[in-house]
Amino acid sequence: MIASIISLLVAAVALLGGQAAAYNRRFIENSSDTEQVIISGASSFNGLNLVPQMGWNNWNAFQCNVSESLLLDTAEAMVNFGLKDLGYNYIVLDDCWSIGRNESGYLIPNPLKFPNGMKYIADKLHSMGMKFGMYSSAGVFTCGRYPGSLGFEQQDADLWASWDVDYLKYDNCFNQGQSGTPQISFNRYNVMSQAINKTGRPMIYSLCNWGNDDPYDWAYTIANSGRMSGDIYDQFNRPDSRCPCTEAVGCAWPGFHCSVMNILNKMAAIQSRTMSGYFNDMDMLEVGNGGQSDSEYVVHFSMWAMHSSPLLIGTNVLTLSPANLAILSNPAIIALNQDPSASAAIRKWQYFIDPDETGQGEIALWTRRLANGDQVIALLNAANSTMKMNATMNEIFLDPRTAGAYHEPEELRKTWDVYDLWANRLSESEASAIINSTPMIGITNMNSTKTPRATRYNATTTSYADGLKNNDTALLGQKVGSIEPRGTWVAEIPRHSVGMYRLRARPTTRMRKRDELY
């Protein structure tokens, strides 16, 4: 009987995890402890993207105005600004790059925009330590009405592999009605997933079907990330009729022109669908495009990182302002995004209050447990005035407190040191020095082996996980206080801003148990 069960389990594992190159090991023992079954649960369907992808995509800032020089110049700037060393290593070319198909059915790059071809761009990017991403749509046309890949999946995947492409963003336009149920959408997107696998080329597969048909419930077995909402636009909380849904679950038409707060609040119900190897993509970053204030961009960047969304810069890097470079370069926030827990935040409470000129206003507490046991809390003030906000230990540790334990959770009995993750933000002068390639006198380059101007943290030298083990101050921010057992953290949060805090438990000395005879 046991042998039959083991055979079934092994067969199931082979079916579900056969494509994966990386596994989590789980051990299940029978009641007699004489036999052990090891079930391999794939942490990624293809072994890629165990933490969210980071990089740049041209669409938000340039749309169809793309070229070879734009891609290569942007990559060079990202290297010089230290963005590559922080982890932004994908250069993703979006729509409008082809002019059609040749007689054999292969896509033809626009020779005016890309005179040296795509393999040339890939080689140049790889020589800089960057990676190359392409775009297509799971339809007969792309969203820009160029040839799509529906019906040409293997041919297109083979072509991209021959160009040494590392990443595919796969859209949802002109899908010939092949949507409407999760099964139909799964089948359509799975064709390209299988085609990429057959090429043998490691390639991140990023679904962009706008949350249609609930990809967060099925895409993790065939993709590395999946868009969970309609397209973002550069507004903080302005409602738009083109983005009709305010919840991810049950949204028949996600639309587009979705604000930062609209997308963020859709994550509340689906945060558990974020996992190593598959991340809910909240869409590309708008930081730098001019539609939001500095503090609103801080909220945008912080909460995308907090939820392990892919971080793809969506602005013109060549004209990046010092203030916006400082936001994108905060390693203490990026460390949340790249945390090995590969998890997302939980919204513990939300109150609608003090609406601004858009008629929107709310405050909320989001929390997240990190891989090393640290906690992170976000006190979000999307209301119209400065608010004194607080987070109690009972709220922060709500889940262990209500998990049915027979005793008080250990977390409530600890003292937690609190670190402000934005306290060490680059100053305007420091960021300007980086952009202008001038040395920053007195500024330490943290762990980088490069010149001081290059970056304040080099994740290619020391990973974020290892940096945290080393208590690197670049990743911890600045200690601003502590929370005693059963205590409360209180902070004043300005209008349209967020307080981001990493909580680290103080070591406790355990008393030896007394002998029962005493």
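Among the helices of the chain, those built from whole DSSP H runs whose Cα atoms reach 20 Å or more along their own axis and whose mean Kyte-Doolittle hydropathy is at least 1.0 are 2-17. With a cut-off of 12 Å between beta carbons, the residues surrounding VAL287 carry a summed charge of -4, where Lys and Arg count +1 and Asp and Glu -1.
If R₀ is 35 angstrom, what is the calculated FRET efficiency for the pair THR246 and SER482, using the beta carbon separation as r and rounding to 0.05?
Efficiency at R0 = 35 Å is approximately 0.40.
Close amide H pairs (under 5 Å, H built 1.01 Å from N) link SER482 with VAL418, residues at least 5 positions away or on another chain. The stretch between ASP217 and THR319 holds 32.8 nm of extra length on full extension. This uses 0.36 nm per residue minus the Cα-Cα distance. Antiparallel beta bridges, as assigned by DSSP with both residues in the chain, represent about 65 percent of the total such bridges. Length gained on full extension, ARG201 to ASP399: 67.2 nm, using 0.36 nm per residue less the C-alpha separation.
As a length-normalised measure over Cα pairs under 8 Å and 6 or more apart, the relative contact order of the stretch 197-343 settles at 21 percent.
Could you compute the FRET efficiency for ASP123 and ASP73, with r as their C-beta to C-beta distance and R0 at 22 Å, rounded to 0.05? The pair ASP123/ASP73 has a calculated efficiency of 0.85. Evaluated at q = 0.08 Å⁻¹, a Debye calculation over the C-alpha positions of the chain (equal weights, vacuum) places log10 I(q)/I(0) at -0.53.
For a quick check: sort ARG401, ARG227, ARG369 by the number of other beta carbons within 10 angstrom, fewest at the front. Walk me through the numbers before you get to the answer.
Working: ARG401 15, ARG227 30, ARG369 20.
Fewest to most other Cβ atoms nearby, the residues stand as ARG401, ARG369, ARG227.
Just report the Cα centroid separation between the stretch 254-275 and the stretch 222-249, whole Å. Cα centroid to Cα centroid, the span is 6 Å.
To make sure I understand, if each residue's beta carbon is the centre and we count other beta carbons within 10 Å, what order do SER329, SER463 fall in, fewest to most?
SER463, SER329
Taking the fewest neighbouring Cβ atoms within 10 Å as the starting point, the ordered list for HIS257, HIS496 is HIS257, HIS496. Database note for the chain: Cys without another Cys beta carbon under 4.7 angstrom, CYS208. The phi torsions of the stretch 420-427, fed into the Karplus equation with coefficients 6.51, -1.76 and 1.60 and a -60° offset, translate into couplings of 7, 7, 10, 5, 9, 4, 3, 6 Hz, rounded to whole numbers, with Gly and Pro shown as x. 3J(HN,Hα) along the stretch 316-331: 7, 5, 5, 10, 4, 7, x, 4, 6, 4, 4, 5, 5, 9, 7, x Hz, from the Karplus curve 6.51 cos²θ - 1.76 cosθ + 1.60 with θ = phi - 60°, whole Hz, x for Gly and Pro. In the stretch 137-216, Cα pairs under 8 Å separated by at least six residues give a relative contact order of 37 percent. Taking the centroid of alpha carbons for each part, the stretch 57-92 and the stretch 106-177 are 16 Å apart.
Check each of the chymotrypsin sites (Phe, Trp or Tyr not before Pro) in the stretch 213-261 and keep only those in coil by DSSP with at most 14 other C-beta atoms within 10 angstrom; list them in order.
none
Residue-wise HN-Hα couplings along the stretch 207-216, as the Karplus relation 6.51 cos²θ - 1.76 cosθ + 1.60 with θ = phi - 60° gives them from phi, are 6, 10, 9, 6, x, 4, 6, 6, x, 5 Hz; Gly and Pro carry x.
Every number here is computed from the coordinates shown, using simple stated rules; none is lab data. Everything quoted here is computed from the prediction, not taken from an experiment. Neighbour counts run over all protein chains shown; Cβ positions are idealised from the backbone, glycine included.
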